[in-house]
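Taking it in order: structure first as structure tokens, then the write-up.
The values are calculated or read from the model by the stated rules, or taken from the named source; none is laboratory data. Small disclaimer: the values here were computed from a predicted structure and weren't measured. Here the Cβ is made from the backbone with ideal geometry for all residues, glycine too, and neighbour counts use every protein chain on show. To get the accessible areas, we keep the full protein, side chains included, count just its heavy atoms, and leave off ligands, DNA and RNA. Shrake-Rupley method; radii C 1.70, N 1.55, O 1.52, S 1.80 Å.
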Amino acid sequence: MLLRYRGGEGMLAWAFHRISGVAIWAFILLHVLDIWLANVNPKVYDELLTLYGSPIGRLMETALFAAVLYHALNGLRIIIMDFWPSVTRYHKQLWYANWVLFVVVGVVFAVQIMAPAFGLEAPFRFGG
Amino acid sequence: MARITRAGSARPMSGGFELAVWYLMRLTALGLFVLVLAHFTIVHLIYDPAIQKADWIAARWSSAAWRTVDWLMLSFVVFHAFMGMRTVVQDYTTGSTRMVLTMLLYLVAFLIFAMGTIGLVTFPDAVKVAS
């Protein structure tokens, strides 16, 4: 439906911004609650972490980063156009630039997050 | 400056509360761009979340600076996320449904902000989990 509606890039940019925004909002609720749990019952929190570290947990972690990264980049694009309206002429080009950045940064994070799910060493070692 | 925007929502012309929210959404967005991406880089790229047990959080928050940064991020994110949800609610509902949902959002926002703040401030400097 989203792709057949002839709204073009601007409409898709808006739809993805909204969907990712609502998804991140839902995660914020979970994240405040899990840190609350870490405070009141650290033992149960530590057990919950094994769920976060499971392959499905890592898949959701990657999806979360995709949502955050898209929302951040497109949000910057919105702000630029809000304060420099003449740039709006190039809103499509900006959106494509967003996707280039999204893929470049996203691949690094996705590989790092997903590697342990395949029994592999996380590729980037920062001493962590 | 032309008063039109083609993305996000148009700058409110009425001024007052709605205009303040419009500016604050963009201000918190810029703050979160830095804070959240830095946060994600540290807790998901540099360190694996799987190792971040309660004692890891305690070690991180033994620094008052980190607690301050994280509390700033909490404040920004609660405002930005809930005011964003308010826009979503206002786009799809009218009348009393909109009123009830908006009030519900404010209530949950307050609860989440309170829980986040209390959890962050009272987090012990060291956590011992018998396993």
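Numerical summary
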read-out: Residue in the stretch A:34-54 that is in contact (Cβ under 8 Å) with a residue 24 or more places away in the chain and in a helix (DSSP H, G or I) present; value: no
read-out: Matching residues, the stretch A:43-68, being facing another protein chain (nearest Cβ under 8 Å) and not β-branched (Val, Ile, Thr); value: A:LYS43, A:TYR45, A:ASP46, A:LEU49, A:TYR52, A:GLY53, A:GLU61, A:PHE65
read-out: Failed condition for B:MET103, given (1) more than 10 Å from chain A (Cβ to nearest Cβ); (2) touching a helix residue (DSSP H, G or I) at 6+ places or on another chain (Cβ under 9 Å); value: (2)
read-out: Among (1) open to solvent by less than 40 Å² (accessible area, probe 1.4 Å); (2) modelled with pLDDT under 95; (3) more than 13 Å from chain A (Cβ to nearest Cβ) - the single one B:ALA7 does not satisfy; value: (3)
read-out: Among the candidates B:ALA126, B:ALA64, B:ALA58, residue that is at the interface with chain A (Cβ under 10 Å from one of its Cβ atoms) and either more than 30 Å from A:ILE19 (Cβ to Cβ) or in contact with a Ser or Thr (Cβ under 7 Å, 6 or more places away or on another chain) (or both); value: B:ALA58
read-out: Members of the stretch A:106-128 found to be open to solvent by 40 Å² or more (accessible area, probe 1.4 Å), more than 9 Å from chain B (Cβ to nearest Cβ) and within 18 Å of A:LEU64 (Cβ to Cβ), listed by number; value: A:VAL107, A:VAL111
read-out: Selected residue [open to solvent by 50 Å² or more (accessible area, probe 1.4 Å), of a type in the set (A, V, I, L, M) and farther than 21 Å from A:GLY8 by Cα] from A:LEU59, A:LEU64, A:LEU49; value: A:LEU59
read-out: Test result for A:LEU94, under 30 Å from B:ILE57 (Cβ atoms), in contact with a helix residue (DSSP H, G or I) (Cβ under 9 Å, 6 or more places away or on another chain) and open to solvent by 20 Å² or more (accessible area, probe 1.4 Å); value: no
read-out: Hey, A:LEU29 within 9 Å of another protein chain (Cβ to nearest Cβ), assigned to a helix (DSSP H, G or I) and open to solvent by 30 Å² or more (accessible area, probe 1.4 Å) or not; value: yes
read-out: Conditions (1) free of Cβ contacts under 8 Å to residues at least 24 places away in the same chain; (2) under 25 Å from B:TYR106 (Cβ atoms); number of the one not met by A:GLY75; value: (1)
read-out: Scope the stretch B:51-72; condition open to solvent by 40 Å² or more (accessible area, probe 1.4 Å) and among the aliphatic types (A, V, I, L, M); matching residues; value: B:ILE51, B:ALA59, B:ALA64, B:ALA65, B:VAL69, B:LEU72
read-out: Test set (1) surrounded by fewer than 13 Cβ atoms within 10 Å (Cβ to Cβ); (2) farther than 17 Å from A:VAL22 by Cα - B:LEU19 fails condition number; value: (1)
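Let's see how each residue does on (1) open to solvent by 60 Å² or more (accessible area, probe 1.4 Å); (2) free of Cβ contacts under 8 Å to residues at least 60 places away in the same chain; (3) farther than 17 Å from A:TYR45 by Cβ; (4) assigned to a helix (DSSP H, G or I):
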{"residue": "B:LEU45", "(1), (2), (3), (4)": "no, yes, yes, yes"}
{"residue": "B:LEU74", "(1), (2), (3), (4)": "no, yes, yes, yes"}
{"residue": "B:LEU107", "(1), (2), (3), (4)": "yes, yes, yes, yes"}
{"residue": "B:PRO124", "(1), (2), (3), (4)": "no, no, no, no"}
